[in-house]
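Here is the structure we will look at, set down as structure tokens.
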Amino acid sequence: MSTRRIFAQPARYAAIAPYLWMVLFFLVPFAFVLKISLSQTAIAQPPYVPVFDFSEGWTAINAAFAQLSFDNFRLLISDSLYISSYLRSVIVAVTSTLILLLIGYPIAYGMARLPQRWQAIAMMLVIVPFWTSFLIRIYAWINILQHDGLLNKILLALHLVSSPVVWLSTDSAMYLGIVYSYLPFMILPLYATLSKMDASLLEAASDLGSSPLQAFWLVTFPLSLPGVGAGALLCFIPIIGEFVIPDLLAGSGSMMIGQTLWLEFFTNKDWPVAAAAAVALLVLLVPPLLLYDRLQRRTLEGSR
């Protein structure tokens with residue numbers, strides 16, 4: 001057996017691994033969720049009908065298939081609770097992503113312009129927050145933002161406010177928590193793109209009479225768009241289904257779809273409606289996921 005053949009066979013098996021992972025940990029669980037979304041709520045265990053029992057034969061399975069319906073999806077588009085939850089999720093995700101871009105771009109740009117030996121330190125400072133538990137960081141913000149918390153003490157000490165400000169259970173606290181938690185997801189793709197940029201392009205723009213601002217707008221920003229797209233999608237996709245931060249920091253006036261899912265699953269025990277909401281959320285995320293995949297393919301092709 002030739003050396004090339006020996007190495008080719010393990011490589012084929014390795015190529016199968018991602019597809020096997022996708023089937024076992026995405027498609028199979030998704031098939032269960034989709035089946036539950038087409039079922040009806042029942043006071044039983046499990047809390048839905050029908051339940052497929054292959055030991056009862058094909059007749060029983062066919063009868064179970066006949067009971068599946070799209071009633072839960074019809075409920076999603078007719079009930080204002082779910083519509084407002086989806087709209088709020090999209091608005092929060094878009095607003096947070098724009099804030100993250102406005103904050104993350106200057107930081108990534110500054111990191112890319114640092115001397116080589118300082119870039120690793122700057123990168124470490126961005127990653128360090130990930131070394132602590134996500135929940136601990138969010139609970140720390142609760143302590144900072146509470147009525148007699150650190151933020152109000154500083155504002156009162158500086159005489160910027162005359163009485164403690166209500167921060168907790170507001171959208172401001174929610175956006176603060178989201179931006180703090182997802183900022184590295186915006187900075188790292190931007191930094192990866194900006195650090196690879198050829199500095200001679202800016203020198204050429206300067207030689208041709210461009211001001212630094214014009215060189216940035218006409219050269220740097222267009223070349224950084226793949227990083228902008230990757231960072232925006234890496235933030236937008238998880239934020240739209242966020243549950244922990246809105247639940248701990250935002251008010252209870254209106255809910256994001258992640259909170260609605262929790263409510264249906266664990267409080268109302270309405271698994272079919274919750275599963276239908278989860279499937280609809282996945283469908284909502286398909287276009288940005290496809291866009292992210294296209295951007296990644298374009299980046300990989302450009303790096304070859």
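The values are calculated or read from the model by the stated rules, or taken from the named source; none is laboratory data. None of these values were measured; they are calculated from a predicted model. Cβ atoms come from the backbone with ideal geometry, glycine included; neighbour counts cover every protein chain shown. SASA here: full protein model, heavy atoms, side chains in, ligands and nucleic acids out. Shrake-Rupley method; radii C 1.70, N 1.55, O 1.52, S 1.80 Å.
Some points to look at:
- Filter pass, Leu282 being over 30 Å from Thr193 (Cβ atoms), of a type in the set (A, V, I, L, M), in contact with a helix residue (DSSP H, G or I) (Cβ under 9 Å, 6 or more places away or on another chain) and not in a loop (DSSP other than H, G, I, E, B): no
- The criterion of being farther than 30 Å from Leu34 by Cβ, hydrophobic (A, V, I, L, M, F, W, C), touching a Leu at 6+ places or on another chain (Cβ under 9 Å) and assigned to a helix (DSSP H, G or I) holds for Val219.
- Filtered by the rule that a residue be among the hydroxyl-bearing types (Ser, Thr, Tyr) and without any contact (Cβ under 8 Å) to a residue 40 or more places away in the chain, the stretch 245-304 gives Thr267, Ser303.
- The single condition among (1) outside any helix (DSSP H, G or I); (2) closer than 30 Å to Ala31 by Cβ that Ile237 does not satisfy is (1).
- Boolean, Leu248 is in a helix (DSSP H, G or I), aliphatic (A, V, I, L, M) and modelled with pLDDT under 90: no
- Residues in the stretch 35-70 that are out of contact with any Ser or Thr (no Cβ under 8 Å at 6 or more places or on another chain), crowded, with 16+ Cβ neighbours inside 10 Å and modelled with pLDDT of 85 or more: Lys35, Ile36, Ser37, Ser39, Thr41.
- Picking from residues in the stretch 251-275 that are in a loop (DSSP other than H, G, I, E, B) and open to solvent by 10 Å² or more (accessible area, probe 1.4 Å), the one that is modelled with the highest pLDDT is Asp270.
- Number of residues in the stretch 172-225 that are touching a residue at least 40 places away in the same chain (Cβ under 8 Å), more than 30 Å from Pro246 (Cβ to Cβ) and open to solvent by 60 Å² or more (accessible area, probe 1.4 Å): the value is 0.
- Out of Ser84, Ser89, Ser80, one residue alone is in contact with a Gly (Cβ under 8 Å, 6 or more places away or on another chain) and modelled with pLDDT of 90 or more. It is Ser89.
- Check on Ile142, within 28 Å of Pro238 (Cβ to Cβ), touching a residue at least 24 places away in the same chain (Cβ under 8 Å) and among the aliphatic types (A, V, I, L, M): yes
- In the stretch 108-152, of all residues being hydrophobic (A, V, I, L, M, F, W, C), more than 20 Å from the chain's Cα centre (by Cα) and open to solvent by 60 Å² or more (accessible area, probe 1.4 Å), the one that is nearest to Ile245 (Cα to Cα) corresponds to Leu150.
- Residue selected from the stretch 91-107 under the condition crowded, with 18+ Cβ neighbours inside 10 Å and among the hydroxyl-bearing types (Ser, Thr, Tyr), by the criterion farthest from Pro246 (Cα to Cα): Tyr105
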